[in-house]
Each structure stands twice: as C-alpha cells, then as structure tokens.
Amino acid sequence: QRVPDEPKAYLQLADAYRKTADSAHEIQVLRDLAQRSPDYPEIHTLIARAMLNLDSPDYAKVLEDLALAEKALPSDPETFYLRGKVFLATNRDAEAEQALRRSIELRPMDPGPYYQLGRLYQKMGKAELARETLARMQYLKNNTPK
C-alpha cells in the first residue's frame, strides 16, 4: 500500500503468500502487478507457476498466461517447462515431450525438465528413454552447484 508502483513489493508479498501455500492470494498479487506493470519481465510465468499450485488448476488459463509469457520472453526455459507440465497433466504427451525438450535445449543443466520428461517416457512405456533421462536428471542433481 505504501509503494503501489514498486514491483519488488508485489513480488515480496506474492512470495510470502507462496511460502504459506496461499496460491489464490499469490495469484491475485501477481495479477495486480501485471495490471500496474504489464511489461514486467516474467510476470506471466510467475502467474502460471502460482496457478499450477492450486488444488485444481485451470490448465487452459495456465496455457493462456504461458502464451503471454512466451511473447514477452520467447527463449525463457521456464515457460516451456511449465507448459510441459500442463501438457503432461492433461495427457497431451507429444506436446509435453516437445515443450520439455525445448526447455532442456534452453537450459540443459536444470534437472527439473529431465525429471518431467522421464516421467512422461515412463507413462508412454518407453522404459529405456525413461531410464536414461532420469539418470541424467540424477547426475545433474548430484553434480550441479547449488
């Protein structure tokens, strides 16, 4: 309230709501920031991530925010990672694979997309690809500085 045009204040408040597992308020704060600063980098990625933490995410709305995120930052690996998670959750396997592979291409040292891709391969019955992908994820987790 004291600094309504300061994005950092919104981000800190959203982070506090995230840490208390109050996704609804986190989303509202981030949407308020998006209204005040529509060009704020990664705002739609942050909103999409928060929406995925809801008990029953509205995947269509998550994808809408991810489309806006991609327009703003076309090479953001997080956008593709989150999109892959949505596609995985909605049984859109081919699209999930494509999105997760793009995320890996953009940020190859992040174990998260490898984990999701490994789960996808397990679901698809591609045991060897799943094993290789999950082994890569484990290697990265164990050997990437934090």
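The values are calculated or read from the model by the stated rules, or taken from the named source; none is laboratory data. Computed from a predicted structure; not experimentally measured. No Cβ is skipped: glycine too gets one built from the backbone with ideal geometry, and neighbour counts run over all protein chains shown. To get the accessible areas, we keep the full protein, side chains included, count just its heavy atoms, and leave off ligands, DNA and RNA. Shrake-Rupley method; radii C 1.70, N 1.55, O 1.52, S 1.80 Å.
Close Lys pairs in the chain (alpha-carbon distance under 26 Å; sequence gap of 8 or more, or different chains): 18. A full extension of the chain between residue 52 and residue 15 corresponds to an added length of 11.8 nm, given 0.36 nm per residue minus the alpha carbon distance. Rolling a 1.4 Å probe across the protein heavy atoms gives the chain an accessible surface of 60 Å² per residue.
Within the accessible surface of the chain, defined with a 1.4 Å probe on protein heavy atoms only, the carbon and sulfur portion equals 50 percent. Neighbours of residue 50 by Cβ distance under 9 Å: Lys/Arg scored +1, Asp/Glu scored -1, total +1. Among the listed values (1) 135; (2) 117; (3) 100, the one computed from these coordinates for volume of the Cα convex hull per residue in Å³ is (2). Efficiency by 1/(1 + (r/R0)^6): what FRET value for residue 35 and residue 140, r their Cβ-Cβ distance, R0 = 30 Å, to the nearest 0.05? With a Förster radius of 30 Å, E is 0.20.
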